[in-house]
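Contents: one structure, followed by commentary.
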Amino acid sequence: MADVYGLRTKDAAGSITLDTTITPIRSIKMMQVTGNNAFEQTVAIPEIKAESFVVVDTLENAGELTWSPPAFWGTGSLTLRQPQTKTWQVMVLSKGGEPFEASGSYGIRARNGSNSTQIDAVNKVLSVTSSGSFSFGGTQAGLIQSMTVSFPSAITTYERPLVFFNAANYMMVGKFRITGAPGNWTGFTVRSYSYAGHGDIAKSPQTIKWFCASYRSFTSSPGKYGASVKDAAGNLLFITTANLSLLNSQPANNSFVVAGTPITGSNYYDASYQMAWTGSYDDYVLANSLFSMTNIIQTTQPYRTNYGGFLPGNRNVLQMFCENVDGVNPVGANGRTLFASRPMKPL
């Protein structure tokens, strides 16, 4: 048997519940930023380090017109494009390595080679709250083109929960939004954008798998099998009966490049953008801002749909299209914040 370094726990069924050879996603800082109505607004956020990554999300539910701004970050700063005067949720995330905060000195830390696991009172871990699957899309008449999913119970965090999508094969989706409001997030809605130019597979419904994850508080004990982490006041920070959301890829916020074949017609031009993906069918992509709309304000078509996902038989590329009905003012996919994740335990 090979040597195993680090910490591992299992449940009564033998499933691994915590493994320090695998990196969970951690929250370093959550905050709100209010737009100053500039074309681009840069905000100093010292907690953004070279190893950090950032998700910018809306706090609104404006129906199909729910949108998020492109967001670009570097060490110590975040830039939002066309933020208007709205308030945006900013989540500074990490795969570990930062020191314990003075106020978060209760917790657990393990390092295994380049992998780091840290759970403490400040830096919480992302865990799965619910999951499921559905089929929709396809180019044949009469097939369902829009899907609304309700969570088994509302998510009571102020920030929107994170929803991740995967597919058996082909996936083209857009107009994503989470339903509800801060403190009462109830589900999500998404629309299919199957494109006949992608071949016969686009004619049939897409089989979509999803899971929802959040930085929640825990109230139950791990039971006979497992472990728990508490803060100074005895509040549960983590229990191994939870299902951690793991980090498997951390794309840069400027990874999309002009590539692939655009979708064109007599009065529209949907620009094609691609970025390198993980190559694995086990990895889910964060939907929150990637598949939401963009508002570029100054044109006759201010709201632009970002849609995309996975091309047939290909997980080496993440494909995005940016809708442009007037054919004059194209929008790029860069700045759509995302990362790849998978659950620690089978869903």
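None of the figures in this text is laboratory data; all of them are computed from the coordinates on show. Given the structure is predicted, the values throughout are model-derived calculations rather than measurements. With ideal geometry, Cβ positions are generated from the backbone for all residues, glycine too; neighbour counts draw on all protein chains shown.
Listed values, structure above:
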| read-out | value |
| --- | --- |
| Under-5 Å amide H pairs with Ser77, H placed in peptide plane, nonlocal only | Ile45 |
| Choice from Met30, Met171, Met91 with maximal GNM fluctuation in the chain (Cα, 10 Å cutoff) | Met30 |
| Mean Cβ neighbour count within 10 Å, used as a protection proxy, ranking 198-208, 123-133, 177-187 highest first | 123-133, 177-187, 198-208 |
| Charge dipole of region 35-89 about the Cα centre (unit charges at C-beta), most positive-ward option of Ala71, Gln41, Trp88 | Gln41 |
| Cα centre as origin, Lys/Arg/Asp/Glu Cβ charges: the chain dipole, Debye | 500 |
| Sequence ranges 239-245, 10-16, 267-273, ranked by mean other-Cβ count within 10 angstrom, highest first | 239-245, 267-273, 10-16 |
| Shape call, region 258-311: gyration tensor on alpha carbons, a/c limit 1.5 | oblate |
| Percent RCO, i.e. relative contact order, over the chain, from Cα pairs under 8 Å lying at least 6 residues apart | 20 |
| Computed magnitude of the charge dipole of region 199-347 (debye, nearest 20; Cβ of K, R +1, Cβ of D, E -1) | 580 |
| Under-5 Å amide H pairs with Thr34, H placed in peptide plane, nonlocal only | Trp88 |
| Distant-in-sequence amide H partners of Phe136 (H built 1.01 Å from N, under 5 Å) | Gln206, Ile208 |
| Neighbour cut-off at most 15 other Cβ (10 Å), DSSP loop, trypsin sites (Lys or Arg not before Pro), region 35-95 | Lys49 |
| HN-Hα J in Hz across region 239-255 - Karplus 6.51, -1.76, 1.60, θ = phi - 60°, x for Gly and Pro | 10, 6, 6, 6, 10, 5, 8, 9, 8, 10, 6, 10, x, 5, 7, 10, 7 |
